[in-house]
Amino acid sequence: MDNLHIGRHISGQFNEDLERVINNVMHMGGLVEKQLTDALSAVHNADEELAKEVLNGDYQINAYEVSIDDECTRIIAKRQPAAGDLRLIMAIVKTIADLERIGDEAEKIAKVALESFSSSQQDLLVNLDNLGRHVIEFLQKTLDAFTRMDIDAAIKIHQTDDKINREYEALMRQLMTYMMEDPRAIPQVMTVIWSARALERIGDRCQNICEYIIYFVKGKVVRHTTAEAIEDLIK
C-alpha cells in the first residue's frame with residue numbers, strides 16, 4: 001500500500017479496509033478489461049456465443065460497483081477519513097462509476113456481433129477493430145496507472161485521448177461516406193457508428209480515471225482543464 005502514497009494507520013483494521021477496497025477495484029478493472037476484449041473479439045470473429053457471454057456477464061461488473069460503493073460508504077461512516085484517505089475513497093467511488101459505464105459500452109459493442117454484415121461491409125468492422133485495439137491499450141495503461149497511483153503515467157495517458165478522438169473522427173467520416181454511397185447499408189452502418197461512439201466514450205472514461213489519480217495524489221481538481229494547464233496546476 002505504501003506504493004500508492006497511502007500512509008500506514010494506527011488502526012490495522014483501517015489498513016485492511018483500504019487494501020480490500022483497492023484490491024476489489026483492481027479485480028473490477030480486470031473484469032471490465034476482459035469484457036471489452038471479449039466484445040471486440042466477438043465482433044472481429046463474428047462470434048455470437050462470445051457476444052452473448054459479454055451481454056450476460058455485465059451483472060458481475062454492476063455487482064462489483066454496488067459492493068465497492070457500499071464498502072466506501074461504510075469506511076467513511078466508521079473511520080471518518082481525512083485528507084489523503086478521503087481523497088482516495090472519493091477517487092475510488094468515481095473510478096468504479098466510470099468502470100461500470102465502460103462495462104455498459106462493452107455491451108453495446110458486443111451487440112454488433114449479433115448483426116448480419118455482407119462481405120462488402122466487413123471493412124467497416126476492420127476499421128472498428130483498429131480503433132478498438134487502441135482503446136483496449138488505453139484502458140490497460142489507465143488501470144495500471146490507477147493500480148500504482150502513478151501521476152506521471154496518468155498525465156501522459158490523459159494527453160493520449162486526443163489520438164483516440166482523432167481516430168474516431170476519421171472512422172466516422174468513413175462511415176458517413178459509406179452510407180451516402182450505399183443507402184441500403186444504413187442500418188448496419190448505424191450499428192457500427194454506435195459501437196465506434198462507445199469506444200470513444202471509453203476513452204473519455206479512461207481520461208476521467210486519470211483525473212481522479214491526479215486528484216488523489218495532488219489534491220487538485222483538473223476536470224475540463226487543458227493538458228498544459230494540468231501540468232501548471234500540479235507543479
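The values are calculated or read from the model by the stated rules, or taken from the named source; none is laboratory data. All values derive from a computational prediction rather than experimental measurement. Note that each Cβ is placed from the backbone with ideal geometry, even for glycine, and that neighbours are counted across all protein chains shown.
Does Ile92 satisfy the condition of being modelled with pLDDT under 95, closer than 20 Å to Asp17 by Cα, in a helix (DSSP H, G or I) and in contact with a helix residue (DSSP H, G or I) (Cβ under 7 Å, 6 or more places away or on another chain)?
On the way: modelled with pLDDT under 95: no; closer than 20 Å to Asp17 by Cα: yes; in a helix (DSSP H, G or I): yes; in contact with a helix residue (DSSP H, G or I) (Cβ under 7 Å, 6 or more places away or on another chain): yes.
So Ile92 fails the test.
Kindly indicate whether Gly84 is in a helix (DSSP H, G or I), under 26 Å from Ile214 (Cβ atoms) and modelled with pLDDT under 85. So that I can check it myself, show each step before the final result.
Working: in a helix (DSSP H, G or I): yes; under 26 Å from Ile214 (Cβ atoms): yes; modelled with pLDDT under 85: yes.
Considered against the rule, which asks whether it is in a helix (DSSP H, G or I), under 26 Å from Ile214 (Cβ atoms) and modelled with pLDDT under 85, Gly84 comes out as yes.
Looking at the stretch 44-81, which of the residues that are in a helix (DSSP H, G or I) and small (Gly, Ala, Ser) is nearest to Asn130 (Cα to Cα)? It comes out as Ala51.
A single member of Arg20, Arg8 is modelled with pLDDT under 95, basic (Lys, Arg) and outside any helix (DSSP H, G or I), and it is Arg8. I'd like the full set of residues that are among the aliphatic types (A, V, I, L, M) and surrounded by 12 or more Cβ atoms within 10 Å (Cβ to Cβ), limited to the stretch 171-185. Answer for the stretch 171-185, where residues must be among the aliphatic types (A, V, I, L, M) and surrounded by 12 or more Cβ atoms within 10 Å (Cβ to Cβ): Leu171, Met172, Leu175, Met176, Met179, Ala185.
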